[in-house]
Structures are given as C-alpha cells and as structure tokens.
Amino acid sequence: MENQEKKKRIFSGIQPSGELTLGSYMGAIKNWVALQDEYDCIYCIVDMHAITVRQDPAELRRRSVAQLAQYIACGLDPQKNIMFIQSHVPQHAELSWILGCYTQFGELSRMTQFKQKSQQHADNITAGLFTYPVLMAADILLYQADLVPVGEDQRQHVELTRDIAQRFNGVYSNTFVLPEAFIPKMGARIMSLGNPDNKMSKSDPDGCVYLLDKPEEIQRKFKRAVTDSETAVRFDKENKPGVSNLLTIYCAATGKAMEEAEAEFAGQGYGVFKPAVADAVVELLRPIREESERLTADKAYLESIYRDGAQRAQYLANKTLSKVQRKVGFAAR
C-alpha cells in the first residue's frame, strides 16, 4: 500500500479576546472547520502574548477558556486539532529565550507593529512588547509548522520567523522547517452594521454582532443597521453599502445566492428585509450560542480538553526543544 502523503501542519495563535464576532465567524472560523480534515492543525490561545498589554487577571483567565469553548462550538473538533493554552506549555518561553539570542536588535526595532503599539501604549513600552515577535517565532518553530494563517499585519512577523530559522539552520544544520504565511480562503467580508465602510469590529460595539448575543440583542442591532433613503433591496456596494452588507450577511447565513436573495425581497422594503436578515443570523448562531453556554458550564470538560491539548503539544514541543538545546551546547538533563 502506498504511503499516505503527510499532512501539512498549520499553527495558529489566537489572542484570548473572549467574544468572537459574526464577522470573524463568517470570514474565517467557518473555513477553519474545513481545514481540520485537510491539515494537521494546532490552535493555541496565546495568553502569554496578551500580557504585553496590562490585563485583568481574572478576566484573562475567563476569556482564555471562553474562547476555547466558542471555537469548539463553532465546529473545531478537539480530537482532530490540538487545542491548548500557551502558558501551559513552558517550552514556548524556553525556545523564545534561545531564539532571542539569534535575533538582531535592528530586526525587532523595524517591526511595524512594535512602532504602532508603542504609540498606542506610550506609558507602557515593555521589553515584552519589543520581543513579542521572537515569542511568536518560537510558537511557530516549536511545532515545525509549514503554514501560519495570518492577516497582513502579522505577515512581517512570519518573515522574521523565517529569517531566524534560516540563521539558526545556517549555524547548526537543518533544525527548523521554514514556515510560510498562509492566507486561507476567506468567507464573506462582513462590515459594521453602523458604518458599512468599516469592517465589523469590537471597537464599534453597536455595529458588531457577537456569537453569544441573545436573539433580542441581534434583532435590535439589525433594526438599527444603517441603510439608505431608497427602499430597493439590491446589491450595489458603491451606492448602497449598508444594504449590500446586509445582503452579504443574509446569503452567508442562509446559503442562498445573491440573485435569489434580491428576488426574495423585491418590492418588500427595508421594514421586511432587516428583520429577515436578523432572523437568519439568530438561527445561524443559535446552536453556536447554546453549545458555547453548555460547554462553558461544563468546566471539567473544558479543562480536560486544554490539558489533553497541552500534553499533546508538549510532546511535539519537546522533540524540537531538546534538539535545539543539544545543538546550542546545553548539557543533557
């Protein structure tokens, strides 16, 4: 029998911001579910990265576990994916220190995100904020990841990760896989309900629908969604951005084609259209919200998932770390 081709490994570090939005679900998470059969996926809730900005400790703990529950509720299978909390795998910090000794000060000072965040948090520019990309490199290289799904803002960090890996490989022979930035197939691009020129984001809470919003809250937000002074329901991004965004959401929630949706609401007006979009979103999110609530209440189950995930992650991490320690000359333990 022919050997099955080894699956490529994806590593994704997820900030524990807690509340996931309809935009992130329709744009990305829905598609991650398809990746779990095609790739060997590792999802890490990066609580160590989160503390470059001051956090409320109890809230950080709550959000780290809540986010894990929401990802499982969205369809990420803990049996098919390794899912864990970063601080539970100390090898991340150990490898980060070693890699920091193979990273140039100049490289880190050129990182765009460091410059931006230093301006945003001028009263708290820590060494952690400066060396954040080295920890990110350790996250990725520890698991010999082939692909890292990132937005444009993180692409520079993946490039740096490759540079660090190449430098280390050049000195000590092949140790690390050189990862590539992976732009997964995106789903619908969902804009803010209050300002359809901007992406749906937590920074605009009224224009943002969260996966755990109650049905009445979703209805309220869609009722107040910005449209225009016409009454025709048709897709025209240029002249009718609000209505076009609502149509995009409706099609993504129901699986209908755009022409089908336009025909369904022809001559109906916004008074019928907006509540119908809200109803479709309520029904799409209902099973996710209910499963999230069920999982969050079952603390023992979630604990077993992240502990098992950390164990599986540590097994892979140790293989890389022990090789690195030996190569740099650390005495055997």
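The values are calculated or read from the model by the stated rules, or taken from the named source; none is laboratory data. Since we're looking at a predicted model, the values are computed, not measured. Positions of Cβ are generated from backbone atoms using ideal geometry, with glycine treated the same way; all protein chains shown enter the neighbour counts. Keep in mind that these areas ignore ligands, DNA and RNA; they rest on the heavy atoms of the full protein, side chains included. Shrake-Rupley method; radii C 1.70, N 1.55, O 1.52, S 1.80 Å.
Pairs only if they're at least six apart or on different chains, beta carbon under 7 angstrom, first in segment 75-89 and among the polar types (S, T, N, Q), second assigned to a helix (DSSP H, G or I) and open to solvent by 30 Å² or more (accessible area, probe 1.4 Å); list them, first residue then second.
86/48; 87/48
When only residues in segment 180-193 that are open to solvent by less than 40 Å² (accessible area, probe 1.4 Å) and part of a loop (DSSP other than H, G, I, E, B) count, which is nearest to residue 102 (Cα to Cα)?
184
Do you know which residues across segment 276-306 are open to solvent by 70 Å² or more (accessible area, probe 1.4 Å) and more than 15 Å from residue 20 (Cα to Cα)?
279, 283, 294, 297, 299, 300, 301
Can you go through 235, 222, 273 and tell me which one is touching a Ser or Thr at 6+ places or on another chain (Cβ under 9 Å), open to solvent by less than 10 Å² (accessible area, probe 1.4 Å) and over 28 Å from residue 135 (Cβ atoms)?
Residue meeting the stated conditions: 273.
Based on this model, can you work out whether residue 315 counts as within 30 Å of residue 140 (Cβ to Cβ), within 26 Å of the chain's Cα centre (by Cα) and of a type in the set (Ser, Thr, Tyr)?
Details: within 30 Å of residue 140 (Cβ to Cβ): yes; within 26 Å of the chain's Cα centre (by Cα): yes; of a type in the set (Ser, Thr, Tyr): yes.
The answer is yes for residue 315.
Identify, please: which residue in segment 43-74 is over 14 Å from the mean Cα position of the chain (by Cα) and part of a loop (DSSP other than H, G, I, E, B) and is, among those, surrounded by the most Cβ atoms within 10 Å (Cβ to Cβ)?
Checking each candidate, the answer is 52.
Kindly indicate which of 177, 209, 171, 243 is out of contact with any strand residue (DSSP E or B) (no Cβ under 9 Å at 6 or more places or on another chain) and surrounded by 17 or more Cβ atoms within 10 Å (Cβ to Cβ).
Answer to the check: 243.
Got a sec? Which of 5, 19 is exposed (fewer than 13 other Cβ atoms within 10 Å of the Cβ), modelled with pLDDT under 85 and either outside any strand (DSSP E or B) or of a type in the set (Phe, Trp, Tyr) (or both)?
One residue alone meets the criteria, 5.
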